[in-house]
1. If you rank Ile28, Ile11, Ile16 by how much accessible surface each has, with a 1.4 Å probe, what is the order from largest down?
2. Please tell me the relative contact order of the chain in percent, rounded to the nearest whole number, where contacts are Cα pairs under 8 Å and at least six residues apart.
3. Let me check I've understood the local charge: for Phe46, count other residues with C-beta under 13 angstrom from its C-beta, Lys and Arg +1, Asp and Glu -1. What total comes out?
4. Could you work out how far helix 30-40 tilts from the main Cα principal axis of the chain, as a 0 to 90 degree angle to the nearest 10?
5. Computing the accessible area with a 1.4 Å probe over protein heavy atoms, can you report the carbon and sulfur percentage for the chain?
6. Given axes a ≥ b ≥ c from the Cα gyration tensor, I'd like to know whether the chain is rounded (a/c under 1.5), prolate (a/b larger than b/c) or oblate.
7. For the chain, what is the charge dipole size about the Cα centre, in debye to the nearest 20, if Lys and Arg each add +1 at the Cβ and Asp and Glu each add -1 at the Cβ?
8. Counting each DSSP H run of 4 or more residues in the chain as -39500 (n - 2.57), what helix-only mean residue ellipticity at 222 nm follows after dividing by all residues, to the nearest 500 deg cm²/dmol?
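The values are calculated or read from the model by the stated rules, or taken from the named source; none is laboratory data. All of these numbers come straight from a predicted model, not from anything done at the bench. When we count neighbours, we look across all protein chains shown, and the Cβ atoms used for this are built from the backbone with ideal geometry, even at glycine. Side chains included, ligands, DNA and RNA excluded: accessible areas come from the protein's heavy atoms. Shrake-Rupley method; radii C 1.70, N 1.55, O 1.52, S 1.80 Å.
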Amino acid sequence: MLNVEVQGTKIVLTEISDQWGEECHTFIGRPAMLHWANERFAKDKFDGTEEEWQAIMDAFKEV
């Protein structure tokens, strides 16, 4: 599960996993967050369908 909060000029993304616990990432703008998302959900390593991957990327672009 991912939780994204916009706090002024910062974007705080919390990644919650039952396997790894909670990991927090702080970005200084959308380009940095989108770069992280493209690396975290690399298209060539994504286990879902093309439509699922595109839905994830579209959700990040809406932040």
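1. Working: Ile28 130, Ile11 10, Ile16 70 Å².
Largest to smallest exposure gives the sequence Ile28, Ile16, Ile11.
2. Across the chain, relative contact order equals 23 percent.
3. Charge balance near Phe46 sits at -3.
4. 40 degrees
5. 51 percent
6. In terms of gyration-tensor shape, oblate.
7. Working: 6 positive and 13 negative charges, 78 e Å.
Roughly 380 debye for the chain.
8. Computed ellipticity for the chain at 222 nm equals -11000 deg cm²/dmol.
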